[in-house]
Amino acid sequence: MNKTYLPMPVSSVENYKTIRMQKIYDYVDKNYTRPFPIKEVADNVALSVPSFCNFFKEQTGYTFITYLQIYKVDKVCKMLEYTEMEISDIILKCGFNSISFFNMLFRRYKGKTPSEYRKYLKIKQTLND
């Protein structure tokens with residue numbers, strides 16, 4: 001007996017993509033502090049690694065690695081703003097293993113070093129008070 005498969009309505013496909021992306025975002029949020037292979041995330045959303053990479057880039061415009069780097073840098077920024085923790089402790093807490101690599105990424109995405117960024121935030125806060 002041959003099975004006939006009807007295509008999913010466009011709204012169902014888009015809803016499925018949204019659900020899949022939310023699972024990816026949730027996974028990153030729960031695991032960004034530790035190293036994990038892309039395969040682990042891909043398995044979590046039932047995709048092969050190449051399919052996952054294509055899907056993620058199609059949905060976000062970023063590679064997964066670029067997204068993860070930006071996500072971690074943003075977490076560091078929040079901690080720089082809202083805590084007095086040492087920068088090196090923040091970097092390690094946010095899942096970076098190399099301070100020099102992190103500093104290169106931070107400068108790429110924020111245009112400043114982490115210490116310059118923290119000083120900028122303090123000046124900005126003083127001006128707003």
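Kindly report the accessible area of the stretch 14-124 per residue (heavy atoms of protein chains, probe 1.4 Å, no ligands, DNA or RNA), in Å². If you can, show how the numbers build up before the last one.
Working: 6580 Å² over 111 residues.
Value returned for the stretch 14-124: 59 Å² of accessible area per residue.
Compare PHE36, PHE64, PHE56 in a GNM of the chain, Cα atoms joined below 10 Å, and give the one with the largest fluctuation.
PHE36
Tell me, what ³J(HN,Hα) does each residue in the stretch 72-82 have, in order and in whole Hz, if you take phi through Karplus 6.51 cos²θ - 1.76 cosθ + 1.60 with θ = phi - 60° and put x for Gly and Pro?
5, 4, 5, 5, 4, 4, 4, 5, 5, 6, 9
Please determine, in degrees from 0 to 90 and to the nearest 10, the orientation of helix 49-60 with respect to the longest principal axis defined by the Cα atoms of the chain, where the helix direction is its Cα long axis.
70 degrees
When the chain is modelled as a GNM with alpha-carbon springs shorter than 10 Å, which of PRO50, PRO37, PRO114 fluctuates the most?
The residue that fluctuates most here is PRO37.
Taking LYS119 as the anchor, which lysines have their alpha carbon closer than 30 Å to its alpha carbon, excluding any fewer than eight residues away along the same chain?
LYS30, LYS72, LYS75, LYS78, LYS93, LYS110
If amide H atoms are built 1.01 Å from N in the plane of the peptide, which residues on other chains or at least 5 residues away come under 5 Å of the amide H of CYS94?
It is none; the list stays empty.
Can you send over the solvent-accessible area of TYR117, 1.4 Å probe, protein chains only, in Å² to the nearest 10?
Accessible area, nearest 10 Å²: 40 Å².
Could you work out how far helix 99-110 tilts from the main Cα principal axis of the chain, as a 0 to 90 degree angle to the nearest 10?
On a 0 to 90 degree scale, this one is about 80.
I'd like the FRET efficiency for ASN15 and LYS78, computed as 1/(1 + (r/R0)^6) with the beta carbon distance as r and R0 of 22 Å, rounded to 0.05. Before the final figure, lay out each step's value.
Values: r = 30 Å, r/R0 = 1.39.
For ASN15 and LYS78, the calculated efficiency is 0.10.
Pop the C-beta distance of THR113 and LYS39 into the FRET formula with R0 = 41 Å and round what comes out to the nearest 0.05. The partial results should precede the final answer.
Numbers: r = 33 Å, r/R0 = 0.82.
So the FRET efficiency works out to roughly 0.75.
Once neighbouring chains are kept in place and the probe is 1.4 Å, which whole percent of the accessible area of the chain is contributed by carbon and sulfur?
Values: 4850 of 8760 Å².
About 55 percent, which is the carbon plus sulfur part of the accessible surface.
Could you pull the accessible area for GLU84 with a 1.4 Å probe, rounded to 10 Å²?
Here the residue's solvent-accessible area equals roughly 140 Å².
The values are calculated or read from the model by the stated rules, or taken from the named source; none is laboratory data. These numbers come from a predicted model, not from an experiment. A quick note on method: Cβ atoms are made from the backbone with ideal geometry, for glycine too, and the neighbour counts reach across all protein chains shown. Please note that ligands, DNA and RNA were not included when accessible areas were found on the heavy atoms of the full protein model with its side chains. Shrake-Rupley method; radii C 1.70, N 1.55, O 1.52, S 1.80 Å.
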